[in-house]
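Everything on this sheet refers to the single structure shown next.
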Amino acid sequence: MILVLFTWIIVFLTIFVWGFAASKVVRILLKSNEVWDKFGLDEYFLFGFLILSALTGIISVFAPISRIIFLIVFLLAALFSFILFTEIRLKIINAYRTFLSYGILFKIGVIFLTFFILSAVVSVITFEDTLTYHAQNIQWIQKYPVVPGLGNLHPRFAFNNMFFVVSSVFTFQVKECMIFPLNGLCYLILLVKLLTLFYNDLKSKTYWRGVFYILTLLISLLVFLPNLNTPSPDIFCGILIIYAFVLILNYYGPYNKVNMFHFVLVNLLVFSCITYKISSLFLVPAILFFMNYERIKKVYITLIIASVVILPFLVRNYYLSGYLIYPFPGIDIFNADWKIPIENVTAVKLEIESFAKIIGLPYEEVGKMKIADWFLPWFTARDFMTKMLISVNILSICSLVIMLLKREFYFVKVHLLILINLIFWLVTAPDPRFAYGFLFVGFSFGISYLIKSLGFLSHRSLLKFLYGGLAILFMVIVYKRISFTLNVLKDHSLLITPAPFGTANTVTCYSNFEYRVVEPEGGWCYYTEIPCVSYPLEDVFIRGKSIKDGFKVIRQNP
């Protein structure tokens, strides 16, 4: 735990300094007259993270994201700290003084959440995707520039999740332990943000919005906690989506003027989220909420940021799979020799969509079903938490009707943005983890707006029911997830280092290159030396003299 906490501090300070320095550069480039030095530590951290994500995306096309890249990032952060020492020091001191000014319950809440999340992060990594290909994918990115046809080796490598690229900078191995710090650290920052906003809204008696913040905090805590120790992009996309809606609701009001810093931040957030998870595609309309002035200038800014963030993503797609977007065989415009055979791409697409709907039936059978045929079996197979999230999101249409009747069109637009993304998710691949952020936000927003419209919290006696209900929900979450903390208390070694990452037994196999296959077949590769696969390869060969030259499929004659 101490090792992870130390890693968090190093990563936070490095990324925060990058964000603080980058904000000054961007302000100069935009010739903005606004003051960009008044924002919170979390905002500078997120800004720095998204800037680094874009930069590493570009670099990964030409060079591996190795330890040298981390060293360069760290040394540049040290240089920026030296140049901007006075301003950075003042910013951190002011943040600390603000924290001290809050009540004792707030401070206890932050300390508890930190310990609670650390307990989960140091636990054994059990998320199958991380054990199968997340760690392997990161290792490829750390050792080589983008490898042509890597998706032929393992179809999941062709998904080209750009979160793995930036994770390659901040993934650390200490003996048998693997530390993936980004999800846990970024989620803790989000929780502190939500808790702060909840505390401030209670003081200002904006109770409905406070309910939104605290419900989002509690529901996401219950769902996210088990996999915060992984580099899962599902969690990080959920974090970004929640953050986007926090910004949108914070700018609600006739006199709120969106500053250019937040406009740039939202653009980076939205387009980065799409490169992390293509299911976030319809988050793009969120940018429109911040177009309230200087529209022409902002359109140019959006186009530039979209190009810088999305272009490396498309280039990597081309090299990894031979397609512009994978796995969408309908966009088939290239004919590279490393191109994944179209029948394989179609099979992967069908597998993802069908598995997300009904598990156990043949993919071809599920693929032919209409939504009326698969919806009920899909819904009944979900756990209680997911059923509740989906049900409340469906029932929140009642809130939408009230918004329309009361002519509160800002909230109508917020709700429609949530619904559009949930509908897109439902008709494509309705695995709950592909839409965590929208499910959480829709759940919390529907309930909080209903409370607002009914004036439910206008009486002190009713406020007591609110506090009681939130306290009960919090205790349920602690009860459900207390096992992580108990494991730390039982195994004192976890107080120092995280649980060891698993290892795989492998056998050496050959094509026209040497690779490893997990034994028994179908197992997990963990962080085994690449190339490692779960099953022996058929018809896959290297294109040149070494694996960095990439892989291609050559069908053998029967």
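For semi-axes √(5λ) of the Cα gyration tensor in Å, the value calculated from this model appears in (1) 94, 31, 20; (2) 42, 26, 21; (3) 38, 28, 25 under label (3). What you get for the chain, charging only the Cβ of Lys and Arg (+1) and of Asp and Glu (-1), is a dipole of about 2020 debye around the Cα centre. Could you compute the FRET efficiency for Val174 and Glu364, with r as their C-beta to C-beta distance and R0 at 56 Å, rounded to 0.05? Step by step, r from the Cβ atoms, then E = 0.75. On full extension, the segment bounded by Val35 and Thr503 gains 163.4 nm, given 0.36 nm per residue less the C-alpha separation. Other residues with beta-carbon under 15 Å from the beta-carbon of Arg407 carry, at +1 per Lys or Arg and -1 per Asp or Glu, a net charge of +2.
Note on Leu311 and Ile10: the extension gain reaches 105.4 nm, defined as 0.36 nm multiplied by sequence separation minus the Cα-Cα distance. Counted as membrane-span-like here are DSSP H helices of the chain whose alpha-carbon atoms extend 20 Å or more along the helix's own axis and whose Kyte-Doolittle mean is 0.5 or above; these are 2-30, 41-62, 67-83, 104-121, 182-203, 207-224, 233-250, 260-276, 295-321, 409-428, 436-454, 460-490. Among the trypsin sites (Lys or Arg not before Pro) found in region 9-43, those both in a DSSP coil and sparsely packed, with 15 or fewer other Cβ atoms within 10 Å of their Cβ, are Lys31, Lys38. Computed extension gain for Glu351 through Asn487, at 0.36 nm per residue and net of the alpha carbon distance, reaches 45.3 nm. If amide H atoms are built 1.01 Å from N in the plane of the peptide, which residues on other chains or at least 5 residues away come under 5 Å of the amide H of Met178? Sorted by chain and number, the residues that satisfy this are Phe501. At 7 Å along the Cα-to-beta-carbon direction for both Lys24 and Lys143, put a label point, then send me their distance in nm to one decimal. If labels sit at Lys24 and Lys143, their model points lie 4.0 nm apart.
Close amide H pairs (under 5 Å, H built 1.01 Å from N) link Cys532 with Arg516, residues at least 5 positions away or on another chain.
How much FRET efficiency would the formula 1/(1 + (r/R0)^6) give for Ile108 and Lys406, where r is the Cβ-Cβ distance and R0 is 30 Å, rounded to 0.05? The computed FRET efficiency comes out at 0.20. Remark on the chain: Cys177, Cys186, Cys237, Cys273, Cys398, Cys509 stand apart, with no other cysteine beta carbon under 4.7 Å. Taking square-rooted eigenvalues a ≥ b ≥ c of the alpha carbon gyration tensor, is region 296-371 rounded, prolate or oblate, where a/c under 1.5 means rounded and, failing that, a/b exceeding b/c means prolate? Note, shape of region 296-371 comes out oblate. Backbone geometry of region 527-544 corresponds, through the Karplus equation with coefficients 6.51, -1.76 and 1.60 at θ = phi - 60°, to 3J(HN,Hα) couplings of 10, 4, 3, 6, x, 9, 9, 7, 9, x, 7, 10, 6, 10, 9, 6, 7, x Hz, x marking Gly and Pro. Along the axis of the charge dipole computed for the chain (Cβ charges of +1 for Lys and Arg, -1 for Asp and Glu, origin at the Cα centre), the listed residues Leu249, Leu50, Val507 are led at the positive end by Leu249. Calculated mean residue ellipticity at 222 nm for the chain: -21000 deg cm²/dmol, from DSSP H runs with n ≥ 4 weighted as -39500 (n - 2.57), summed, divided by the residue count and rounded to 500. Most tightly packed first, judged by the mean number of other beta-carbon atoms within 10 Å of their residues, the peptides 352-363, 126-137, 155-166 read 155-166, 126-137, 352-363.
Each label point was placed 7 Å from the Cα along the Cα-to-Cβ direction; for Tyr535 and Tyr293 their separation is 6.0 nm.
Just how far, in whole angstrom, is region 70-148 from region 353-379 if you go by their alpha carbon centroids? After rounding, the separation between the Cα centres reads 39 Å. Between the alpha-carbon centres of region 174-189 and region 474-503 there is a gap of 14 Å.
When a/c is below 1.5 the answer is rounded, else prolate if a/b is larger than b/c, else oblate, so apply that to region 314-419 with a ≥ b ≥ c taken from the square roots of the Cα gyration tensor eigenvalues. It comes out oblate by the Cα gyration axes. Annotation for Ile68 and Ile472: the two label points, set 7 Å from Cα along the Cα-Cβ direction, are 6.0 nm apart. Between rounded, prolate and oblate, where does region 506-553 land on the alpha carbon gyration tensor, with a ≥ b ≥ c its root eigenvalues, rounded for a/c under 1.5, else prolate if a/b exceeds b/c? Since a/c reaches 1.5 and a/b is larger than b/c, the shape of region 506-553 is classed as prolate.
Straight-line cross-link partners of Lys370 among the aspartates and glutamates, defined as a Cα under 17 Å from its Cα and at least 8 positions apart when in the same chain: Glu351, Glu353, Asp431.
Placing a label point 7 Å from the Cα of Asp383 along the Cα-to-Cβ direction, the residues of region 213-242 whose backbone N falls under 15 Å from that point are 219-229, 235.
Using r as the Cβ-Cβ distance of Tyr252 and Ile423, and R0 as 22 Å, what FRET efficiency do you calculate, to the nearest 0.05? Computed FRET efficiency for Tyr252 and Ile423: 0.40. How about Lys552: which lysines have a C-alpha closer than 27 Å to its C-alpha, ignoring those fewer than 8 places off in the same chain? Once the sequence-local lysines are set aside, what remains near Lys552 is Lys143, Lys277, Lys339, Lys349. List the lysines whose Cα lies under 28 Å from the Cα of Lys406, skipping any in the same chain that are fewer than 8 positions away. List returned: Lys203, Lys205, Lys257, Lys452, Lys464. Loop-located chymotrypsin sites (Phe, Trp or Tyr not before Pro) in region 285-318 (DSSP state other than H, G, I, E, B) with a sparse environment of at most 13 neighbouring Cβ atoms within 10 Å: Tyr293.
Rule-based calculations on the coordinates, nothing more; no lab input. Since the model is a prediction, treat every value here as computed from it, not as a measurement. Positions of Cβ are generated from backbone atoms using ideal geometry, with glycine treated the same way; all protein chains shown enter the neighbour counts.
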